[in-house]
2 protein chains.
Amino acid sequence: MSTSTTPPDAAAPAGRPLLVTMGDPAGIGPECVLQAFHRGALAGCVVVGSAAVLRRAGVALGRPAMLAVLDGTASRPFDGWPDAVPPGSLAVVEPPGLPEGLDALPWGRVDARAGRASALCVDTAAGWVLDGQAEALVTAPIHKAAWAAAGIHDPGHTERLQALSARGGPLPPVRMMLTNGELSVVLVTIHLALRAAIDALSTERILQTLQITDHAWRQRGLPRPRIAVAGLNPHAGEDGLFGDEEQRLIAPAIAAARSQGLDVCGPFPPDTVFMRARHTSVRPGAFDVVVAMTHDHGLIPVKYLGVENGVNVTLGLPLRRTSPDHGTAFDIAGTGVADPRSLEAAVRYARGDAPRGR
Amino acid sequence: MSTSTTPPDAAAPAGRPLLVTMGDPAGIGPECVLQAFHRGALAGCVVVGSAAVLRRAGVALGRPAMLAVLDGTASRPFDGWPDAVPPGSLAVVEPPGLPEGLDALPWGRVDARAGRASALCVDTAAGWVLDGQAEALVTAPIHKAAWAAAGIHDPGHTERLQALSARGGPLPPVRMMLTNGELSVVLVTIHLALRAAIDALSTERILQTLQITDHAWRQRGLPRPRIAVAGLNPHAGEDGLFGDEEQRLIAPAIAAARSQGLDVCGPFPPDTVFMRARHTSVRPGAFDVVVAMTHDHGLIPVKYLGVENGVNVTLGLPLRRTSPDHGTAFDIAGTGVADPRSLEAAVRYARGDAPRGR
């Protein structure tokens, strides 16, 4: 973990790998992983998945990879692992209990075995990270319906990782961050109807978002991240003329965060705060990260210039976890045309490579 | 008016000017106008305003302009007007009744005389355009509080132009479009609290927006504009899982518009439709224009890359009207640092210069 607050010597035990789960075997995850490997983007990574599935992805790409399969049943599979991986090989570890025949599943179809396998990879990999055996977790896309078919009722990675992290205790509050080279956005609400999202806003929820955001960025090495808060209403309510959520809910959360020493300002008009926060090669942004009240206020700008370099980061978990900003893309799975850049960006972010955490 | 449907010979009477109102005399309007003139961006334009105010702006800029003042009391002030304007001069026409002493008003202050003057310029210029004496109207920013101080209760240009256009009859329904070189967005709702904006959505209002949008783009020479409709909820509701406005209100409006022959599709997830519609030099956008349900869904992406080239276009009026995408900026008025590019873009758009209407 390279941060500016942690000297290299004090960093994690040398050689702890980043774990990359393969995702749903019938989706584009395996081929994105293999593409990223061929493009040299998986240094320091071990793939958690099925070797047979990865071999099939190599065939689909017309470019197989040499695999070095580590022993997933060992109590410490990653001790000295780089020595077990010949140069030019992709390190893979198979979670114990992986179903057979995954490489015979049809591409692009919901299947309970695929769901069971992708969940097992996530569970096992998360366990290794939580145990301190691995550095961080990068998850290729799973399919919600395949999980449901396998009897797994978590709607996605985030909820499953919350439950795993809780180890039976209360769920840690988490927030979704989407980041690319230019803009980082943390969302107060996500998968709710817009009306319900407005109803769900509270000073407490907004303050918690600010605290989670600040903590995550400090952990990443920025001693005092500059957090901007976007309002909810046009012109951030124009002094109450177009809505009072800014005055009633958002401003008190900002005041509370500031009283705790956080560098938070706003609420700003939603239509210009993202533009102001945008970092380009010629102009640094005015803020490190923007907190948005709704899914689309935050995701419209971060996706506007393209999703190829978008990284989804779950803030608030006791493990570092990133993922590419796309799904299983069943319509193109197995054709070899999937774009691995978002996965590569997720690996870079998990590694801590991005400048100033971006 | 240069369009692909109207042959040049059938165009408007040769020499009809574009009218550019000076805006609030205490704001940045006059200096933006003068800057634009010095940058060669006002060919074919006549400024409707006070010659004294424009002279003061020239002093503020450290670069005065030669003014050619046309007779605003004439019944047809623009007949043969180019002959009255020596090369290198800025054509100006003063509306009859302009208050005295406007060039002595302090910069950056709300003043009833300034409000009265800027409204008179708008009223007079709009009258000339509605009478067919001028081609189109470009409005520099007015100050709402100055209008109020002058006893003018319209909150902005749009409402005043609606009233002027109605000539006592019912107000024409209008919609705001924001456009730049890459993206054009039309808004179903604007200055309402987000909750109220959701309440204000109806199939009728959305359909009317689609009709106004289609009509305006056809008038501009695009025979069948490709209109995309952004949903309201995350993932456009994900089949009703996160809200039903897409199914209940938006889809029926799209169906009705299509049955009338309009090229409309959607509703699309708000977080990716603007990215898909974006035109760049290397990739044409998938749509000509996006209709957004809320102020910020539409304006976040169109402002994300900068507001310098943004143009505000009022669709639905019986006259062509554009304006720069900024206000009076009282904080910098008179300092000469105001950026004239948005005004210049507004002039280009009013003239019909932008490729394919963009």
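All of the numbers you see were taken from the coordinates with simple rules; none came from a lab. Worth saying up front: this structure is predicted, and the values here are computed from it rather than measured. Note: ideal-geometry Cβ built from the backbone for every residue, glycine included; neighbour counts use all protein chains shown.
Near A:Val20, the amide H atoms lying under 5 Å from its own belong to A:Val46, A:Val47, A:Val48, A:Val138; only residues 5 or more places off or on other chains count, and H is placed 1.01 Å from N.
Spin-label model, B:Leu241 to A:Asp79: label points 7 Å out along the Cα-to-beta-carbon direction sit 4.3 nm apart. With q set to 0.14, 0.20, 0.24 Å⁻¹, the log10 of I(q)/I(0) for segment B:180-282, from the Debye formula over equal scatterers at the Cα positions, is -0.55, -1.10, -1.44. Normalising by the residue count of chain B, find the relative contact order in percent from Cα pairs under 8 Å and 6+ residues apart. The value is 23 percent.
3J(HN,Hα) along segment B:103-115: 7, 9, 5, x, 5, x, 10, 5, 8, 5, 5, 4, x Hz, from the Karplus curve 6.51 cos²θ - 1.76 cosθ + 1.60 with θ = phi - 60°, whole Hz, x for Gly and Pro. Legend: Rg and Dmax of segment B:126-165, from Cα coordinates, 11.3, 31 Å.
Beyond 18 Å, the tail of the calculated P(r) for segment A:146-223 holds 57 percent of the Cα pairs. When chain B is treated as a Gaussian network with alpha carbon springs shorter than 10 Å, the biggest mean-square fluctuation among B:Ala104, B:Ala146, B:Ala228 belongs to B:Ala104.
Cross-link partners for B:Lys144 among the lysines, with Cα-Cα distance under 26 Å and sequence neighbours closer than 8 places in the same chain left out: B:Lys303. Across segment A:21-138, C-alpha contacts under 8 Å between residues 6 or more apart give a mean separation that, scaled by the residue count, equals a relative contact order of 33 percent. Shape class for segment B:177-220, computed from the alpha carbon gyration tensor (a ≥ b ≥ c): oblate, with a/c not under 1.5 and a/b at or below b/c. For segment B:197-211, the Karplus equation 6.51 cos²θ - 1.76 cosθ + 1.60, evaluated at θ = phi - 60°, returns couplings of 5, 4, 4, 7, 5, 8, 4, 4, 5, 5, 4, 4, 4, 5, 5 Hz by residue, with Gly and Pro reported as x. Using a 7 Å projection from Cα along Cα-to-Cβ, the label point at B:Arg258 is separated from the same position in the remaining copies by 5.0 nm, smallest value first. Listed by Cβ neighbour count within 10 Å, with the fewest neighbours leading, B:Ser259, A:Ser323 appear as B:Ser259, A:Ser323. The Rg/Rh ratio of the protein assembly as shown, with Rg taken over Cα atoms and Rh as the Kirkwood radius over Cα pairs, comes to 1.04. A cut-off of 5 Å between modelled amide H atoms, ignoring neighbours fewer than 5 places along the same chain, links B:Leu90 with B:Met66, B:Leu67, B:Ala68.
Label point of A:Pro223 (7 Å along Cα→beta-carbon): distances to the other copies' equivalent points are 6.6 nm, sorted ascending. Extents of chain A, largest first, come to 61, 46, 45 Å (Cα atoms, principal axes, whole angstrom). Could you calculate the FRET efficiency of B:Leu171 with A:Val282 from 1/(1 + (r/R0)^6), where r is the beta carbon distance between them and R0 is 45 Å, rounded to 0.05? Once the sixth-power term is evaluated, E becomes 0.50.
Inter-copy label distances for A:Arg76: 9.7 nm (label point placed 7 Å from Cα along Cα→Cβ; shortest first). Full extension of the chain segment joining A:Ala145 with A:Met66 gains 25.3 nm, where the gain is 0.36 nm per residue of separation less the Cα-Cα distance. In the elastic network of chain A, a GNM with C-alpha springs shorter than 10 Å, the most mobile of A:Ala114, A:Ala277, A:Ala166 is A:Ala166. Residues B:Thr209, B:Thr21 in ascending order of nearby Cβ atoms (within 10 Å, fewest first): B:Thr209, B:Thr21. Ranked for footprinting exposure by Cβ neighbours inside 10 Å, fewest first, B:Ser75, A:Ser50, B:Ser184 give B:Ser75, A:Ser50, B:Ser184. Calculated FRET efficiency, B:His38 to B:Thr335, Cβ-Cβ distance, R0 = 22 Å: about 0.85 to the nearest 0.05.
Expressed as a fraction of 2.2 N^0.38 Å, the value expected for a compact globular protein of N residues, the C-alpha radius of gyration of segment A:251-332 is 1.31.
Considering only alpha-carbon pairs that sit under 8 angstrom and 6 or more positions apart, the relative contact order computed for segment B:166-243 is 16 percent.
Listed values for segment B:82-99 are Karplus-derived 3J(HN,Hα) couplings in whole Hz (6.51 cos²θ - 1.76 cosθ + 1.60, θ = phi - 60°), namely x, 5, 8, 10, x, x, x, 9, 9, 7, 9, 10, 9, x, x, x, 4, x, and x replaces Gly and Pro. Counts of other chain beta carbons within 10 angstrom of each beta carbon in peptide B:290-303 average 6. Enter the Cα centre distance for the pair segment B:10-59 and segment B:225-294, rounded to the nearest angstrom. Cα centres, segment B:10-59 to segment B:225-294: 37 Å. The label-point distance for B:Arg109 and B:Arg218, in a model that sets each label 7 Å from Cα toward Cβ, rounds to 5.2 nm.
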